[in-house]
Protein chains: 4
Amino acid sequence: MRGQQPVFSYFIDGAGCETLLEVVTELAPVIRDLVKANRILAYEKVLDGYGHVSLRNPIDPGRYLMACSRSPELVECSNILEFHLNSEPVVSETRHLYLERFIHGAIYEARPEVNAVVHSHAEDVLPFSISSTPLRPVIHNASAMGLEAPVWDIRDMFGDTDLLVTNPERGCDMAKALGRANVVLMRGHGFTAVGPTLFETVRLSVYLPKNARVLMAALRLGEVKTLSAGEVVRRRFDPAGSETRRVWEYWSRKAGYRDSEA
Amino acid sequence: MRGQQPVFSYFIDGAGCETLLEVVTELAPVIRDLVKANRILAYEKVLDGYGHVSLRNPIDPGRYLMACSRSPELVECSNILEFHLNSEPVVSETRHLYLERFIHGAIYEARPEVNAVVHSHAEDVLPFSISSTPLRPVIHNASAMGLEAPVWDIRDMFGDTDLLVTNPERGCDMAKALGRANVVLMRGHGFTAVGPTLFETVRLSVYLPKNARVLMAALRLGEVKTLSAGEVVRRRFDPAGSETRRVWEYWSRKAGYRDSEA
Amino acid sequence: MRGQQPVFSYFIDGAGCETLLEVVTELAPVIRDLVKANRILAYEKVLDGYGHVSLRNPIDPGRYLMACSRSPELVECSNILEFHLNSEPVVSETRHLYLERFIHGAIYEARPEVNAVVHSHAEDVLPFSISSTPLRPVIHNASAMGLEAPVWDIRDMFGDTDLLVTNPERGCDMAKALGRANVVLMRGHGFTAVGPTLFETVRLSVYLPKNARVLMAALRLGEVKTLSAGEVVRRRFDPAGSETRRVWEYWSRKAGYRDSEA
Amino acid sequence: MRGQQPVFSYFIDGAGCETLLEVVTELAPVIRDLVKANRILAYEKVLDGYGHVSLRNPIDPGRYLMACSRSPELVECSNILEFHLNSEPVVSETRHLYLERFIHGAIYEARPEVNAVVHSHAEDVLPFSISSTPLRPVIHNASAMGLEAPVWDIRDMFGDTDLLVTNPERGCDMAKALGRANVVLMRGHGFTAVGPTLFETVRLSVYLPKNARVLMAALRLGEVKTLSAGEVVRRRFDPAGSETRRVWEYWSRKAGYRDSEA
């Protein structure tokens, strides 16, 4: 009888699957990809000791998968947990959880088409979070960011805080600031990026700091040509296409995966 | 009987060679150098998961050699394919091909004296592609770029696109913008560099981002002394000279080649 | 009879411990953490060949622990010495000592609540030490720096010197400039950071250069939103909390410690 | 009979030594240090595929030691050659020589107190060579550069060239521009640094780019406090002192030397 016993510690009720075996078969590669995304984002310096990446459970869209409180570079399959959209763990946990997991739950709640979320403190994006110059798309590899990234200032609603999204109210307010965009800057803190697939969200998170550096430099040279509205919508990566596979293989290898695993 | 059977998967008709053996003997070291160029450009961060380097076939100038769709750092000899100047593969292929291979074919078509092409997204060159400040040569190691690098904006001719050179028309228009220059910047996308030899094109591609960084910094200090027209033409590297060999050995070693291979 | 013989070369009189064994048991993990802090700060590029980190002796607050004159990345447990607050070694030493150890003693003397001190030449902080633009907190991870970092110019009191804090008078003057702050910039030289625990001082030292880079970039974009007074006081890390453990484990691994040691 | 036969390929007439054995004994550690300096400067990114470091022969001040044409990171003891001050090799050589060796000979000729020379293309110094903003000392670790670094523009005397110091006339003109300074910037090309010992020249070469970066950043913040004339002369490193040994050990280890060799 499915649902009575946990399959792994992080999974107890795989809605939509007929058998336990089916659940295991479907989730195992997903979890491996999520671990790989953690390591890629660490290698590419999008995440350091802090920051996290999550994935909506492909079997049950009312849940998401994310590591327990561990630095992304060190995350292993056994660290992946399952959360309800209120960011409470599905199975009660003794391990520490990310204090800011509410970022993820709030966004999955508000945006049904979003299947992956990255929260990062990447340094080169931060200047745009503390000034009034908007972060605009200027390189084709960052077109998924859309025409502009809104800035959420936690102070507007919550006054003086530790700037962390440590409860559902803060998560909800941040998700509201994100709106229909794919990136929200968090003042003095970092950014959160979302996307329809894990690959696209990782890719956007890798190229967003690069876009910020290019824009920062170009602003010193004078007027800047940004991507047009038409150019921004034109670019959508086929998750099964050759460009996707090529760069995912490359990042995997850089992040330490061997040939057969990449 | 030469031409009836492929020697390798990438070679079926080596014009100008008398025997199959001659073809193999001549092309094998060329392919090894092209693979090495891929890895050097990756190590030197000119290329990352994207970008590519090609070489005109020294036996048949109506063809060029380039990898299938793989990240440059991972390219191996078995990935090298042969293309007609219309960028169709000489032998029909099941492997994925670079979407932007038309950059290469169009340039080989338009510029008979060009024997190597690098297409890169190198970040430090990009600001000059989205502003009106021209990229000028300021360091002697980048003198091969010439006095100025034209900027090609795909939007001028093709309107809103994904910015990629994914067909012969776009390749042709880009080659026209390149004209007689050695470098063309592609707005919000990257640059393409050409040269008479693989070594010189790799060298230019390595020093172009450095030149861009030096120029960017110097512009903040005030008036900048660029290289003169006379200085730009004075510098031409002897592909068999000691400076060439020294730095090629160095780059090879940095890119992971052992002593005997470097 | 405790106190008559040194336990280690660096320890002769463990005030407050009842037995020799107790002293050894209490100090051994502390020394290991101090060595780890040296290596973490080197890996994170806060320290290079120069710079140092010290810890107040938890058993005897009138003494502090610091390496002999060795580059932080190479420090081993056997290099850790014990100093009086006048920065004379407790046990007379033939090994070379850091010329600038007086930085540490003077601060421990002036600030009883400080238990760790880092002195660094980190490059990205230096511009703020030679201009009149103050270094302000702009990212949440650097909130421990407080609202502003005073700048100490050795020239004000001592005229032309080698800029080094090589005697108690200079140390004392620097400590006066630090006042109640957690960071003091030293003109043309570096910074010194203090904190209530080793972890917090390491953390502040890692994020201070990052804060400086973000501020430097943001100043180019126009008006900058700094952390408010309320935000600065809100953030205090629990040395035993999950965020502390997570990042300490991460830094240890990056600095070369194996899993079981991290 | 000393002088009739070369001891090593690079040595035939060790003036001032009584026996062959004495010559060998005195030069061997010097050559090892010069090789180490090559590798340290490569690791610290002062030199890349190009650039070189030389040492006046401590036995015969009318000669200097430098590698044949090889990238500094790859230099081995067997690559070290001996040159007359006119930059001709003492023993005739079939190996390629650095094209720009005349930089070294000309300086040893003009400056008897100089015992080591580094020629580098370090990127962060270059902006100051193509603008009219002088490179000034702002950090204590770069005080050996003196109060200002003159800029030599090869165009002033030689018109349009390849910018390289490939003959004695160019070397001599550059040495004249250096004058009594310790650093000369070469327009659009790099810098040359000199010092009384190998250690001090390596150290200056490592900290000069850092000084340039700090100055560049500080100039954006407004008025800059440079080192005073008195501060610049105050700092002189004892080649046998603890600070020297500490950082030389550190650099050696970073450059790949094992413990016992560092």
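Coordinate-derived values only; no laboratory data. What you see is a predicted model; the values in this text were computed from it and never measured. So basically every Cβ, Gly included, is an ideal-geometry build from the backbone, and we count neighbours across all protein chains shown.
Computed quantities for the displayed model
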read-out	value
Compactness of the range D:94-184 - radius of gyration and Dmax, Cα, Å	13.7, 45
Values of log10 I(q)/I(0), in the order q = 0.18, 0.21 Å⁻¹, for the range A:110-262 under a Debye, Cα-only, solvent-free model	-1.12, -1.37
Calculated label separations, D:Glu76, copies of the chain, 7 Å along the beta-carbon direction, nm	2.9, 2.9, 4.2
Size of chain C as Cα extents on the principal axes (Å, biggest first)	66, 46, 31
Dipole of chain B, positive direction: furthest Cα of B:Leu65, B:Asn86, B:Ser143, with charges on the beta-carbon	B:Ser143
Average Cα contact separation per residue, chain A, under 8 Å, 6 or more apart, as relative contact order %	19 percent
Assigned charges on the beta-carbon of Lys, Arg, Asp, Glu; chain B dipole about Cα centre (debye)	820 debye
Minimum Cβ-to-axis distance in chain C for the rotation onto chain B, with residue, whole Å	C:Arg220, 5
Stokes-Einstein diffusion coefficient of the range D:191-258, Kirkwood radius over Cα pairs, 20 °C, 1.002 mPa s, in µm²/s	153 µm²/s
Ranked B:Glu200, D:Glu169, D:Glu223, criterion: other C-beta atoms within 10 Å, fewest first	D:Glu223, D:Glu169, B:Glu200
FRET efficiency estimate (nearest 0.05) - Cβ-Cβ, C:Lys45 to C:His96, R0 22 angstrom	0.35
Packing-based exposure ordering (other Cβ within 10 Å, fewest first) of C:Glu100, D:Glu44, C:Glu88	C:Glu88, D:Glu44, C:Glu100
Ellipsoid semi-axes in whole angstrom, largest first, where each is sqrt(5λ) of the Cα gyration tensor of the protein assembly as shown	44, 44, 27
Under the Karplus curve 6.51 cos²θ - 1.76 cosθ + 1.60, θ = phi - 60°, whole-Hz ³J(HN,Hα) for the range C:155-169, x wherever Gly or Pro sits	5, 4, 9, 10, x, 6, 9, 7, 6, 9, 8, 9, 8, x, 5
Residues D:Val194, B:Val30 arranged by fewest to most Cβ contacts within 10 Å	B:Val30, D:Val194
Euclidean distance of C-alpha centroids, the range C:157-202 and the range B:165-221, integer Å	48 Å
